[in-house]
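A short worksheet on the structure shown next.
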Amino acid sequence: MADLKFAANESAANGDGLMPSKNMLPKGKRRQSVKKEYREQRTLAQEREAAARAREIDDPRSQNRDLGHPESELIETVDFMEHEPTLEERIATNDWFTTKGASGSKVAEETYDEPRYANPYAHLKEPVRAEIDVLEDLEPEDGVRSFTAQAAAAGMRIDAYLAKALPEVSRARVQLLIENGQATVDGKPAKSKLKLKGGELVEIEGEPTPAPLHAVAEDIPLSVVYEDDDLAVIDKAAGMMVHAGSGSGEHNRGTLVNALLHRFGAALSSGGGTDERYEMRDAENAPRPGIVHRLDKQTSGLIVVAKNDVTHRKLSEMFAGRQVQKTYVALVHGWMAEDEGTIALPISRDAVRRIRMTTRRAGGRSAVSHWMVLERIDGAWGKFTLVEVRIETGRTHQIRVHMQAKGHPVVGDTLYGAPHAIKQEPRALKRAGLKSVEQEELALARNFLHAERLELTHPRTGKALQLQAELPAELAALLERVRAQN
């Protein structure tokens, strides 16, 4: 190795640039490594190269020595430092290079060229859209609401834009407006598939008007809890819609209205107040005959029905004035931390999933729910809380949304985060000697939410009415099942 070092040093001294190599060793020693000597000589070569560059640069101190200022002895070293380009600069100048290889040796400069062919799918990439602002407090002038489409609406269909800009109007109702010729863009009737460019004048005339309802009487069993000449109180079963939608399809069958028309016939209110869509004010042609308030399809319990328009109007005023007490029973997932409390979170329609409501959007309608723990359950199926909820307001999905906001969704309410099936706890499986593949599952085809009590003053007689509906059999059976320890 001494011979190798001597040869390398001599070569370096002569400046011929030769680096240590196995070829410099005698033939019998060429299996030995020369990495150490190579690195030493490379370092010396780099130091000599740096010294040579420094000598080529003029010394700036010689330019200012005769100025007589103390600052003349200072050197701005930043002027002599090599600028390391940033990633953005390299991209802009297409300057990609490597100065050292994996082993530390110098390699040739490498540059990056633009691809020969453009990406054929680049135009399909969805651009990031700005959020659509909600149009609030749009006061109609002569029955027409006018506004300018936002720049963020560029490329959107007119029905999709209006559904986002007008959150209180569903996309189906928006399409109804367009089909009826009630929506125009720059003075021309709009079509649902029209794509906006942003900046167009949009005008909406009137409100979205659904087609007349075509409810027919059906012989559907009803559980009547109370009835007199003015009103009736029904214990509605889960799975039954309160009233029909627009049109005359199959979804207009099997509703509470269909059953009421068969049970009471013409002895029902006309649905509350006047409605320009209906010339006849008899029950069969009313939009929602007898219906004063509603319950969700998968919620069971007490609902009031008015038998005449006077009672309907008075009951509506009582509900609006919060003079009717509605108390529900619900089973929720997990343990509620407190024994009782009040949830006062405004509720509005979800901007993305229109069938859902949410408490996370600004500008919602006020909603107040008072709850109290009846029982905390910790069994083989996990932890649950049986709660009693009294609502002051009657917003859509109010209890379900409020419970979900607390982190305790109603059992069976998959729309608001409840699991589709309840599985046994691992500890229960261990006690029973079962494997995870052998565990049972509990499923509920409805929400564990029941309108149990209704308290009001009779609108005509002034008599206090306190009505109650027992827990349905399927809910009572599930409750007993989750209480079990195995």
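The values are calculated or read from the model by the stated rules, or taken from the named source; none is laboratory data. Everything quoted here is computed from the prediction, not taken from an experiment. All Cβ positions, glycine included, derive from the backbone under ideal geometry; neighbour counts span all protein chains shown. The protein model used for the area step is the full one, side chains on, heavy atoms only, and it has no ligands, DNA or RNA in it. Shrake-Rupley method; radii C 1.70, N 1.55, O 1.52, S 1.80 Å.
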Original post:
Just one of 300, 348, 369 is of a type in the set (Ser, Thr, Tyr) and at pLDDT below 95; which is it?
Top reply: 348
Subject >> Among the residues listed as 322, 313, the single one being closer than 30 Å to residue 268 by Cβ, touching an Asp or Glu at 6+ places or on another chain (Cβ under 7 Å), open to solvent by 70 Å² or more (accessible area, probe 1.4 Å) and not hydroxyl-bearing (Ser, Thr, Tyr) >> reply: 322
Subject >> Residue satisfying all of: in segment 164-193; in contact with a strand residue (DSSP E or B) (Cβ under 9 Å, 6 or more places away or on another chain) and free of Cβ contacts under 8 Å to residues at least 12 places away in the same chain; most open to solvent (accessible area, probe 1.4 Å) among these >> reply: 189
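Per-residue answers, yes or no, for (1) in a strand (DSSP E or B); (2) open to solvent by 60 Å² or more (accessible area, probe 1.4 Å); (3) at pLDDT 65 or above:
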position	(1), (2), (3)
226	yes, no, yes
239	no, no, yes
257	no, no, yes
262	no, yes, yes
266	no, yes, yes
271	no, no, no
293	no, no, yes
Original post:
So which pairs qualify, if the first residue must be in segment 467-486 and surrounded by 12 or more Cβ atoms within 10 Å (Cβ to Cβ), the second must be among the hydroxyl-bearing types (Ser, Thr, Tyr) and at pLDDT 95 or above, the Cβ gap must be under 7 Å, and the two must be at least 6 apart or on different chains?
Top reply: 467/226; 472/300
Subject >> Number of the condition not met by residue 353 [criteria: (1) under 26 Å from the mean Cα position of the chain (by Cα); (2) open to solvent by 20 Å² or more (accessible area, probe 1.4 Å); (3) closer than 29 Å to residue 305 by Cβ; (4) modelled with pLDDT under 95] >> reply: (3)
Subject >> Output for segment 420-436, where each listed residue is at pLDDT 90 or above, open to solvent by less than 60 Å² (accessible area, probe 1.4 Å) and part of a loop (DSSP other than H, G, I, E, B) >> reply: 421
Original post:
Quick check, is residue 392 closer than 24 Å to residue 327 by Cα and either at pLDDT below 95 or surrounded by fewer than 17 Cβ atoms within 10 Å (Cβ to Cβ) (or both)?
Top reply: yes
**OP:** Go through segment 448-459 and give me each residue that's open to solvent by 10 Å² or more (accessible area, probe 1.4 Å) and either among the acidic types (Asp, Glu) or within 27 Å of the chain's Cα centre (by Cα) (or both).
**Re:** 452, 455
Subject >> Meets criteria (surrounded by 17 or more Cβ atoms within 10 Å (Cβ to Cβ), over 25 Å from residue 324 (Cα atoms) and modelled with pLDDT of 90 or more) for residue 196 >> reply: yes
Subject >> Residue within segment 360-381 that is open to solvent by less than 60 Å² (accessible area, probe 1.4 Å), within 11 Å of residue 333 (Cα to Cα) and touching a residue at least 60 places away in the same chain (Cβ under 8 Å) present >> reply: yes
Original post:
For residue 348, are the conditions met, namely being in contact (Cβ under 8 Å) with a residue 60 or more places away in the chain, surrounded by 13 or more Cβ atoms within 10 Å (Cβ to Cβ) and of a type in the set (Ser, Thr, Tyr)?
Top reply: yes
Original post:
In segment 133-163, what count of residues is obtained for those that are touching a residue at least 60 places away in the same chain (Cβ under 8 Å) and within 20 Å of the chain's Cα centre (by Cα)?
Top reply: 2
Original post:
Can you name every residue in segment 127-146 that is farther than 11 Å from residue 166 by Cβ, open to solvent by 100 Å² or more (accessible area, probe 1.4 Å) and at pLDDT below 70?
Top reply: 128, 129, 137
